[in-house]
Amino acid sequence: MHSRRTASLKQFPFTCKLDSAPIVLGESSPSPFNMARALRTGECPPNRAFDRYLPREFQAVSYLYWTPLVAALRAAEWLDELDIRKVMDIGSGVGKFCVVAALAGNAHYVGIEQRARLVAAARGLARTFGVADRVEFIHGNFDEKFVPDADAFYFYNSFGENLFDPDECLDADVELSDARYLADIAAAERMLRDARVGSYLLTYNGFGGEVPDGYSEVRVDRELPCMLCLWQKTT
């Protein structure tokens, strides 16, 4: 993990390098029906086409903060191969990972997100793409009181924003600090240590902490814009 004092967006690459261009005014997008059909068949539309279904204020920054389609599709493939039924996304943002993975696979998804306006956007996205029956979003903080119920836990560098300079953060709506970062990492490591044997950990660009003893790597993809890894708790 990079130094907390020098952290920046360049050190925590949230962008999808294969399709990192922000939305261009005047571009058209497939209908939600056609977009959903493409994702269900394993096709990967441009991120900017999918991002047009986000509220306007989040469209231009989606490529910086949220899981690119190609990574969500690969994750859904792995989850189906291993018959993983319930996935919790820690720091689910606008719901992009949960909605895309639900369209591409069969698992149920629960996202926890600390910003209420992102939760509202995520719920709207799930309704737009017809997966609200398999995708749920909770407004809340991830901390030592958080006791999840899931077969797998997904992190996309969920706590890295705490280390950004103020002008690199999404907004000033929530507490962001070095102390918060350390507390969140400690809570995540505790949750993973306490998870039942057989649970899975899925990370895209890591989660900032150390994977506890007892986890074995079962899948890895280093060809994506950031590394996608899947571990299972075996002991």
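The values are calculated or read from the model by the stated rules, or taken from the named source; none is laboratory data. Model, not experiment: these values are computed from the prediction. FYI the Cβ positions are ideal-geometry reconstructions off the backbone, even for glycines, and counts take in every protein chain you see.
Within the stretch 54-71, the residues that satisfy the criterion of being touching a helix residue (DSSP H, G or I) at 6+ places or on another chain (Cβ under 7 Å), within 18 Å of Gly124 (Cβ to Cβ) and in a helix (DSSP H, G or I) are Phe58, Gln59, Ser62. Scanning the stretch 131-146 for residues that are within 23 Å of Ala183 (Cβ to Cβ) and either touching a residue at least 40 places away in the same chain (Cβ under 8 Å) or among the hydroxyl-bearing types (Ser, Thr, Tyr) (or both) yields Phe137, Phe142, Asp143, Glu144, Phe146. Using the structure shown, decide if Glu210 is surrounded by fewer than 21 Cβ atoms within 10 Å (Cβ to Cβ), at pLDDT 95 or above and in contact with an Asp or Glu (Cβ under 7 Å, 6 or more places away or on another chain). Yes; evaluated as a whole, the condition is true for this residue. Out of the stretch 137-177, which residues are more than 17 Å from the chain's Cα centre (by Cα), under 17 Å from Ala121 (Cβ atoms) and surrounded by 13 or more Cβ atoms within 10 Å (Cβ to Cβ)? Correct list: Val174 only.
Tallying residues that are under 17 Å from the mean Cα position of the chain (by Cα), small (Gly, Ala, Ser) and either assigned to a helix (DSSP H, G or I) or within 20 Å of Leu64 (Cα to Cα) (or both) within the stretch 182-228 yields 3. Summed over the stretch 162-176, residues that are in a helix (DSSP H, G or I) and charged (D, E, K, R) total 2.
For the stretch 212-235, the tally of residues that are touching a helix residue (DSSP H, G or I) at 6+ places or on another chain (Cβ under 7 Å) and within 20 Å of Val147 (Cα to Cα) stands at 1. Whether a residue is in contact (Cβ under 8 Å) with a residue 60 or more places away in the chain and either part of a helix (DSSP H, G or I) or out of contact with any Pro (no Cβ under 9 Å at 6 or more places or on another chain) (or both) was assessed, and Ala179 does not pass this test. Could you please let me know if Val94 is surrounded by 18 or more Cβ atoms within 10 Å (Cβ to Cβ), assigned to a helix (DSSP H, G or I), free of Cβ contacts under 8 Å to residues at least 60 places away in the same chain and out of contact with any Ser or Thr (no Cβ under 6 Å at 6 or more places or on another chain)? Answer is no for this residue. Annotation: of all residues in the stretch 213-235 being of a type in the set (Lys, Arg) and crowded, with 17+ Cβ neighbours inside 10 Å, the one that is nearest to Leu79 (Cα to Cα) is Arg219.
If the condition is being crowded, with 17+ Cβ neighbours inside 10 Å, without any contact (Cβ under 8 Å) to a residue 40 or more places away in the chain and of a type in the set (A, V, I, L, M, F, W, C), then the stretch 119-130 contributes Val119, Ala122, Ala126. Of all the numbered requirements in (1) under 20 Å from Leu82 (Cα atoms); (2) in contact with a helix residue (DSSP H, G or I) (Cβ under 7 Å, 6 or more places away or on another chain); (3) not acidic (Asp, Glu), Thr203 misses one, and that requirement is (2). The residues of the stretch 130-144 that are farther than 12 Å from Ile90 by Cα and either assigned to a loop (DSSP other than H, G, I, E, B) or β-branched (Val, Ile, Thr) (or both), listed by number, are Gly130, Val131, Ala132, Asp133, Arg134, Val135, Glu144. Residues in the stretch 77-91 that are among the hydrophobic types (A, V, I, L, M, F, W, C), outside any loop (DSSP other than H, G, I, E, B) and more than 12 Å from the chain's Cα centre (by Cα): 2 in all.
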